[in-house]
Structure formats: structure tokens, C-alpha cells
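Participant: What follows is a structure written as C-alpha cells; I'll ask about it next.
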Amino acid sequence: MKTVHITHSSTTSYTDAEPCVMALGFFDGVHLGHRGVIQRAKRLARKHRVKLVVMTFYPHPKEVLGNGGTPVHYLTPFAKKEELLAQLEVDILYVIRFDSEFARMASAEFVERYIIGLQAKYVVAGFDFRYGYQGQGNMRTMKGDVQGKIPVMTIPKMEAEGQKVSSTLIREMLLTGRVSKIPRYLGTFYETSGTLTRCTRKGRGSKCVITEVTLDQGYTLPVEGRYEVEVECARQHFFGIASTTKCSHQSHKLKVEMPNFPPSMLGETMQMKWLKQV
């Protein structure tokens, strides 16, 4: 997958853009609803033998428009989002830097410059996708903004157990400890990555090791509590109990108790799946 970063300016042009089917969205977490949008775009791209393109934005619009008042909780760091999109066989990822100038762009200009201008032959997005100044553009107005030049496909709301599949819902589940329900919406258990920074034995002669983990930026830790987790470290798998403790307004301490975990793995990267609260 090729990743192209775009910073908006009045002089930017895209003469080397290739014909494509374009899927639009922020795609935080790449949950089942996001996958539905991308898979529909993929089928169109393969049928018409053009590139499958995903367009996303960074940072989250709330970080720019909220003036830093409320921290934004991401489900996945950008690098992890790239990895997940590549697994879905996306050919090109366009990443538009969301800044104050881009936020002021009229909705019709966004369509002309970044959809038609990037050679989209079809555009696909979820029913709640919005664009342009103050989010005035939506999937109904887009049909007018494209001026009949390309077909617009709207993917309807996806629900599970009567609730809309969304990144917001998954964040709420993390912040209330309901991690066991997340696979119904995300498609898999929520996973985080971090660095093993300290190992101690629980007691004299104990085979249980307590590890301290520094979480990579861009993940959301579940609310304070204890959780069953599955850990991968240095290509080995372990099961244990993770505990999260709030230290300050925005920081948490993460510890994991695991039997037979080798302390020699200090400094290694640890992938952790959050299975259920205990």
C-alpha cells in the first residue's frame, strides 16, 4: 500500500493521480462498519480494474476544532491504522492533514479538489460521513456536489445488538470496562501495544511475574480495573491479568501479572488483547 500525505493549499495539484474507487472516512479502529465501506469500494475497484483508494484525515477534527479543551481518545495509532488498511488490500491511502485552513474549505471545493481532482470514478462512504466547512456536506449533498460526474454510493448504518457500530461506541465500552463486548463491533478483541519497562516477581520463589508496560501513544486504555488479557511478546504467547490505575488526568499505569513470563524480555514490544473484566 502506498501512503500519500496531503497538506491543503490553494496551489496543490494532482496530475499523477490514477483512476480509482475512493472510500472516505476517519476509520479509527477500522471496525466492522468501516470494513463494510472499504469492502464495497474494493469490489467496485476490482470490477472496474482501477485502484482502491482510502482517504482519511489526521489529526482527528475534534483536536483542531475543540481548541485542545477535550482530549481525543484514539482506538488505534496512525501506524496501526495503516497496517489494518494494508491488510484489506487498499492500494493507495491518502491522508489529508486536518488543520484550520482545511476546516474552512467549502464542501463543493472539497469534492472538486479531493474527490474529482484525485480521479475518483466512484466514491463510497458511510451514511453519516460529513465534509466541508462545519460539516455542512453530507452524503445527500455530495450527489449534487459531484455534478453528475461520478456515482456516489452510501453505505447504510450497521448495527449489532440494536446499537450502531461506531468508534464512539467502542470507546465508550473501553471507558466503562465492557471489553468483552467489543469484538461484536470491532471484529476482534481490542488490542494495544507497548514496551515492557520493568519486571518483578510477585513473591519469593513465585513463578508469577509482574510486568510494567509503557503504552504506545494513540491507544485508549480501558477504565481502571483488572482484566484478563492475552499477550504476545517476542513471538511467545501468555495469558495474564492486567490492571490499569489512573495516575493523573491523562496518564495511567499498566501492570500485567503472568505466570512463567521470562523477565529477560525487558525492553521488548508487547501486544495485548483485552479479553474481559474480572
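Participant: Highest GNM mean-square fluctuation, the chain, Cα pairs closer than 10 Å: which of Lys47, Lys149, Lys81?
Facilitator: Top of the fluctuation ranking is Lys47.
Participant: For the chain, which whole-number percentage of the solvent-accessible area (1.4 Å probe, protein heavy atoms only) is attributable to carbon and sulfur atoms?
Facilitator: On the way: 6750 of 14150 Å².
Answer for the chain is 48 percent, counting heavy atoms of protein chains only.
Participant: Please work out how much length the chain gains when fully extended from Arg226 to Thr3, using 0.36 nm per residue of separation minus the C-alpha to C-alpha distance, in nm with one decimal. List each step's numbers first, then the result.
Facilitator: Numbers: separation 223, 0.36 × 223 = 80.28 nm, distance 3.78 nm.
Between Arg226 and Thr3, full extension yields an extra 76.5 nm.
Participant: Considering all projection directions equally, how large on average is the shadow of the alpha-carbon convex hull of region 102-220, in square nanometres?
Facilitator: Working: hull surface 45.7 nm².
Mean orientational projected area (region 102-220, Cα hull): 11.4 nm².
Participant: Moving on to the next point. Principal axes first, then extents: for the Cα atoms of region 150-278, list largest minus smallest coordinate on each axis, whole Å, largest first.
Facilitator: Taking the Cα atoms of region 150-278, the three principal extents are 65, 29, 26 Å.
Participant: Which residue, Gly126, Gly117, Gly33, tops the fluctuation ranking in a GNM of the chain built on C-alpha contacts under 10 Å?
Facilitator: Gly117
Participant: Additional query: In the structure displayed, which of Lys2/Lys253; Lys81/Lys149; Lys143/Lys164; Lys207/Lys276; Lys207/Lys273; Lys121/Lys273 lie more than 32 Å apart, Cα to Cα?
Facilitator: Lys2/Lys253; Lys121/Lys273
Participant: What ranking of Val64, Val30 comes out by heavy-atom accessible area, probe 1.4 Å, highest first? Spell out each step's value before the answer.
Facilitator: Values: Val64 40, Val30 0 Å².
I get Val64, Val30, largest accessible area first.
Participant: At 222 nm, what value in deg cm²/dmol follows for the chain if DSSP H runs of at least 4 each add -39500 (n - 2.57) and the sum is divided by all its residues, to the nearest 500?
Facilitator: Computed mean residue ellipticity for the chain: -5500 deg cm²/dmol.
Participant: Taking every pair of distinct Cα atoms and averaging 1/r, then inverting, what Kirkwood hydrodynamic radius in Å comes out for region 35-173?
Facilitator: Numbers: mean 1/r = 0.0614 Å⁻¹.
When all Cα pairs of region 35-173 are included, the Kirkwood radius is 16.3 Å.
Participant: If you keep only loop residues by DSSP, which GluC sites (Glu not before Pro) in region 148-232 have at most 14 other Cβ atoms within 10 Å of their Cβ?
Facilitator: Details: sites: Glu159, Glu161, Glu172, Glu191, Glu212, Glu224, Glu228, Glu230, Glu232; in loops: Glu161, Glu224.
The qualifying sites are Glu161, Glu224.
Participant: Quick check on the chain: what are the equivalent-ellipsoid semi-axes from the Cα gyration tensor, as sqrt(5λ), descending, whole Å? Don't skip to the answer; put the middle values down first.
Facilitator: Values: eigenvalues 316, 69, 62 Å².
In descending order, the three semi-axes are 40, 19, 18 Å.
Participant: Would you mind telling me which residue in Thr56, Thr141, Thr211 has the biggest mean-square fluctuation in a Gaussian network model of the chain, where springs connect alpha carbons within a distance under 10 angstrom?
Facilitator: Its mean-square fluctuation being the largest, the pick is Thr141.
Participant: If you build the convex hull over the alpha carbons only and average its shadow over all orientations, what do you get for region 1-110? Give it in nm² to one decimal. Write down the numbers at each step before the final one.
Facilitator: On the way: hull surface 30.0 nm².
Mean orientational projected area (region 1-110, Cα hull): 7.5 nm².
Participant: In Å², and per residue, what accessible area does the chain have when probed at 1.4 Å with the other protein chains present? Provide the component values of the computation, followed by the final result.
Facilitator: Numbers: 14150 Å² over 278 residues.
Normalised by residue count, the accessible surface of the chain is 51 Å².
The values are calculated or read from the model by the stated rules, or taken from the named source; none is laboratory data. If you're wondering where the values come from, they're calculated on a predicted model, not measured in any experiment. When we count neighbours, we look across all protein chains shown, and the Cβ atoms used for this are built from the backbone with ideal geometry, even at glycine. The protein model used for the area step is the full one, side chains on, heavy atoms only, and it has no ligands, DNA or RNA in it. Shrake-Rupley method; radii C 1.70, N 1.55, O 1.52, S 1.80 Å.
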